[in-house]
Amino acid sequence: MSIINFLELKEKLEIQKYVKPQTLDKKNHIFFSGSPRKHPYEQTRIILITDPLSENTFFYEFNIEDVAFAEELPSISNLKGDSVSMVRIWVKKRSIGLQCTPFIVDTLTR
């Protein structure tokens, strides 16, 4: 593939100023990054997929009320042109979250 296929003319590049949250205490919150999704059957929960374009990914699940602040991160895309929005969410310490990691069930060989 030649370099010409990668070059495209873009209209303009907009830069957003970072706005520091006024009420966020970083001593009492932890951040998690990923692509946010609605929970399929619970409206009070959010799913955060850590690496949505990878085959080996996992996700976090949190109560929405435990999320103190959300920051928009740059979107990621693959070579096919699929783009996914990413965020960083700040979750209160001592909150209960769920981490789900998929795996293949099989016997281990040595």
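The values are calculated or read from the model by the stated rules, or taken from the named source; none is laboratory data. Only a predicted model underlies this, so the values are computations on that prediction, with no experimental measurement involved. Neighbour counts run over all protein chains shown; Cβ positions are idealised from the backbone, glycine included.
For residue 69, state whether it is modelled with pLDDT of 90 or more, of a type outside the set (Asp, Glu) and out of contact with any Ser or Thr (no Cβ under 7 Å at 6 or more places or on another chain). In short, no. Within the range 56-64, one or more residues are part of a loop (DSSP other than H, G, I, E, B) and touching an Asp or Glu at 6+ places or on another chain (Cβ under 7 Å). Only one of 46, 104, 76 is more than 15 Å from residue 30 (Cα to Cα) and touching a helix residue (DSSP H, G or I) at 6+ places or on another chain (Cβ under 8 Å). Can you tell me which? It is 46.
Within the range 28-44, residues that are touching a residue at least 12 places away in the same chain (Cβ under 8 Å) reach partners that are among the hydroxyl-bearing types (Ser, Thr, Tyr) and exposed (fewer than 15 other Cβ atoms within 10 Å of the Cβ) with beta carbons closer than 8 Å, at six or more positions or on different chains, in the pairs 35/85; 36/85. Close Cβ contacts (under 6 Å, 6 or more residues apart or on different chains) running from residues in the range 87-110 that are in contact (Cβ under 8 Å) with a residue 12 or more places away in the chain and under 18 Å from residue 70 (Cβ atoms) to residues that are surrounded by 10 or more Cβ atoms within 10 Å (Cβ to Cβ) and of a type in the set (Ser, Thr, Tyr) comprise 88/33; 97/60. Of all residues in the range 31-70, those being farther than 18 Å from residue 102 by Cα, surrounded by fewer than 15 Cβ atoms within 10 Å (Cβ to Cβ) and among the acidic types (Asp, Glu) number 2.
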